[in-house]
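The values are calculated or read from the model by the stated rules, or taken from the named source; none is laboratory data. Here the structure is a predicted model, which is why all the values come from computation and not from measurement. A quick note on method: Cβ atoms are made from the backbone with ideal geometry, for glycine too, and the neighbour counts reach across all protein chains shown.
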Amino acid sequence: MSVALNLSTIKNMLPEEIELIAVSKTKPNSLILEAYEAGQKDFGENKVQEMAAKHDDLPKDIRWHMIGHLQRNKVKYLIHFVHLIHSVDSKRLLDEIQKQAHKIDRKVAVLLQIHIAKEDTKFGLDEQELDAILKEKSTYSHISFKGLMGMATFTTDTHQIDTEFAYLKSLYDRIQSRLDQPAHLSAGMSADYPLALNHGTTMIRIGSAIFGHR
């Protein structure tokens, strides 16, 4: 099955208001171009160096999303072109984004990543850290706070995933009025996006169901 056909199948199943991020990490430019030519403009990467190289080589109207853990010393390499950083998981990272965005006088859109999984390997803020950041929101002159992101536990236990997505949605509902509008909730990947749709996600991140497995 082709990338274009996979994309079409998924988009036909999604509500019209859901934004689809095609996760293109490790995928060659040829497959990304195939998706792009089929109308896909939003692509997600988890490594800064790979995303920067693809940005240099591929059409300039592609919207690049940083969806992986972002190290502070790498922020300067994507700050001039990234469309949305999904994975702001600490105040120190937020401070670095503000610093680098201020240097080039660009307002950068971010999502605050919430730790919802039962796995210690997942990154993210807890509820108290989220509230502390939002209290200082006005001090981040070069950041647009566009919503929350969360990654559920990698498990076949759908009840657990449901519980985690429900918690993320409850946080989102509580703080949505304090965000820059329109706000987004980024949750759901190839294996669990139907569950995320049940819990109000506005943005899903799908890789293998579009590009196939590595």
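Among the residues here, residue 92 qualifies as surrounded by fewer than 21 Cβ atoms within 10 Å (Cβ to Cβ), assigned to a helix (DSSP H, G or I), in contact (Cβ under 8 Å) with a residue 12 or more places away in the chain and over 18 Å from the mean Cα position of the chain (by Cα).
Residue-level check: of (1) without any contact (Cβ under 8 Å) to a residue 40 or more places away in the chain; (2) surrounded by 15 or more Cβ atoms within 10 Å (Cβ to Cβ); (3) under 19 Å from the mean Cα position of the chain (by Cα), residue 16 misses just (2).
Per the conditions (1) among the hydrophobic types (A, V, I, L, M, F, W, C); (2) assigned to a helix (DSSP H, G or I); (3) surrounded by fewer than 21 Cβ atoms within 10 Å (Cβ to Cβ); (4) at pLDDT below 95, the sole criterion not satisfied by residue 7 is (3). The one condition from (1) within 29 Å of residue 40 (Cα to Cα); (2) surrounded by 21 or more Cβ atoms within 10 Å (Cβ to Cβ) that residue 125 does not meet is (1).
The residues listed here are 171, 111; of these, the one that is surrounded by 14 or more Cβ atoms within 10 Å (Cβ to Cβ) and either touching a His at 6+ places or on another chain (Cβ under 9 Å) or not in a helix (DSSP H, G or I) (or both) is 111. Being more than 16 Å from the chain's Cα centre (by Cα), free of Cβ contacts under 8 Å to residues at least 60 places away in the same chain and within 15 Å of residue 22 (Cα to Cα) narrows it down to one residue among 199, 213; which is it? Just a single option satisfies the conditions, and that option is 213.
Checked against the criterion of being in a helix (DSSP H, G or I), within 25 Å of residue 71 (Cβ to Cβ) and either in contact with a strand residue (DSSP E or B) (Cβ under 8 Å, 6 or more places away or on another chain) or of a type outside the set (A, V, I, L, M, F, W, C) (or both), the candidates 160, 128, 176 yield just one match: 128.
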